1. Can you list which of the trypsin sites (Lys or Arg not before Pro) found in the chain are DSSP loop residues with at most 15 other C-beta atoms within 10 Å?
2. Can you list the aspartates and glutamates whose alpha carbon is less than 12 Å from that of K41, not counting same-chain residues fewer than 8 positions off?
3. Which GluC sites (Glu not before Pro) in the stretch 1-40 pass both tests, a DSSP loop state and at most 13 other beta-carbon atoms within 10 Å?
4. Could you give the Stokes-Einstein D for the chain in µm² per second, using the C-alpha Kirkwood radius, 25 °C, 0.890 mPa s?
Amino acid sequence: MVDVSQHELVPEHTVLSDDEVEGVLEEYDITPTDLPKIKRKDPALPDDAEPGDVIKIVRDSRTTENAIVYRLVIE
């Protein structure tokens, strides 16, 4: 079976620690439920991602070197 998460076109997905999540939420003055959602079954997610985790996604960007987005994992 093919591991989609390792494909060259899939951006880097990282599970954030609790401290990192607090920093992101504080920086943007939001709660976790304000974040866009990503389903747990999304093939690009790391295997250790669980519902309630916050994922950092680093994408290539035309206007900046990288674009960073955050997603809340849901069932």
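Taken together, the values in this text are just the output of simple stated rules run on the coordinates, not laboratory data. None of the values given here were measured: they were computed from a predicted structure. Here Cβ is always computed from backbone atoms with ideal geometry, including for glycine, and neighbour counts include all displayed protein chains.
1. Sites meeting the loop and neighbour criteria: R40, K41, R62.
2. Filter leaves E50, E75.
3. Passing both the DSSP loop test and the Cβ count: E8.
4. Answer from the Stokes-Einstein relation: 188 µm²/s.
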